[in-house]
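Have a look at the structure below before the remarks.
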Amino acid sequence: LGQVVVSAGAQARDALLRSLKVRQPKARRAVVAALGEFRGDESVFEAVIPLAKRDQSWFVESEANRTIGKLRCPGSLDAIRANIDRPSFRQVVRAGCIDGLVELRDERGFDLIAACARYGAFAQSRQTAVGAIGRLGQYFPERKRRTGEEIAEFLRDPDFRVRIAAANALKTLRDESQAGALEDMAARELDGRAVRIAR
């Protein structure tokens, strides 16, 4: 039975790999996303790498970088690092890279994500990066307090969307030590939505 399951998995993988040549970008993106389920498969990793670097669709590139993170292959971090600064519409490729770093669950991803979150980085992906710090932080409980402190710095960010992302990231992280920082945010915010999220 085990051999049958492995064989069926290999057949599904091979069918998906053949489908990477489909012309419709939405279909290609779906194929790339499905390939993310073959964790550790080097043949999938090698097939997705070119799409992560360049495709006719930025959305396919974004999904390819997300999939590279899900695969968790030895070269995944370097591949994502190589693509994270590629310019794209509304920074969708960077957003896929950020998600890929969370999926990779590698502590070295914190620095790359923090660089995308800092003030002065591309505005379209900053809130995604701030949220990703909290999501990645869930996998590293030993640095929970430190991660919470890093996120709390964004509660005073000039960008309203980043402040909300930071409050949500602290909720995701479940870092009780930052309750006071969230109370301060609730007291100073003028927008009711931000006050509710902070509370």
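We did not get these values from a lab; they are worked out from the coordinates using the rules stated. Keep in mind that this is a model prediction, so the values were computed, not measured. Ideal geometry is used to build each Cβ from the backbone, glycine not excepted, and the neighbour counts take in all protein chains shown.
In the P(r) worked out for the range 45-145, what percent of Cα pairs fall beyond 17 Å?
Looking at the range 45-145, the distances longer than 17 Å represent 44 percent of pairs.
Determine the dipole magnitude for the range 1-150: charges of +1 sit on the beta-carbon of Lys and Arg, -1 on that of Asp and Glu, nothing else is charged, the reference point is the Cα centre, and the result goes in debye to the nearest 20. Don't jump to the answer; show the numbers that get you there.
Values: 26 positive and 18 negative charges, 87 e Å.
The calculation lands at about 420 debye.
Could you give the length gained by full extension between R108 and R18, i.e. 0.36 nm per residue of separation minus their alpha carbon distance, to one decimal place?
Values: separation 90, 0.36 × 90 = 32.40 nm, distance 3.29 nm.
Once the chain is fully extended between R108 and R18, it gains 29.1 nm.
In this simple spin-label approximation, F160 and A10 carry label points 7 Å from Cα along the Cα→Cβ vector, and these lie 5.6 nm apart.
Using the charge dipole of the range 1-154 (Lys, Arg: +1 at Cβ; Asp, Glu: -1 at Cβ; taken about the Cα centre), state which of I49, A27, L17 has its Cα farthest towards the positive end. So the residue we want is A27.
Could you please tell me the mean projected area of the C-alpha convex hull for the range 15-63, averaged over all directions and given in square nanometres to one decimal?
Numbers: hull surface 11.8 nm².
Averaged projected hull area, Cα only: 3.0 nm².
Which value, in debye to the nearest 20, describes the size of the charge dipole of the range 87-199 about its Cα centre when Lys and Arg Cβ atoms bear +1, Asp and Glu Cβ atoms bear -1, and nothing else is charged?
So the dipole magnitude of the range 87-199 works out to roughly 240 debye.
Placing +1 on the Cβ of every Lys and Arg and -1 on the Cβ of every Asp and Glu, with nothing else charged, gives the range 152-199 a dipole about its Cα centre of roughly 220 debye.
For the range 45-122, the list of GluC sites (Glu not before Pro) that fall in a loop by DSSP and count at most 15 other C-beta atoms within 10 angstrom reads E107.
Stretched out fully, how many nm does the piece from A34 to R199 gain, at 0.36 nm a residue minus the Cα gap?
Numbers: separation 165, 0.36 × 165 = 59.40 nm, distance 3.76 nm.
Separation in residues times 0.36 nm, less the Cα-Cα distance, equals 55.6 nm.
The base-10 log of I(q)/I(0) for the chain, evaluated at q = 0.09, 0.16 Å⁻¹, reads -0.39, -0.96 [Debye formula, identical scatterers on Cα atoms, solvent excluded]. In the chain, the longest principal axis of the Cα atoms and the axis of helix 92-104 are about 90 degrees apart. Pairs from the table (K26/K53; K70/K171; K53/K171) lying more than 22 angstrom apart at Cα are K70/K171; K53/K171. The phi-based Karplus calculation (6.51 cos²θ - 1.76 cosθ + 1.60; θ = phi - 60°) puts the 3J(HN,Hα) values of the range 35-42 at 5, x, 7, 9, 3, x, 7, 5 Hz, whole numbers, x for Gly and Pro.
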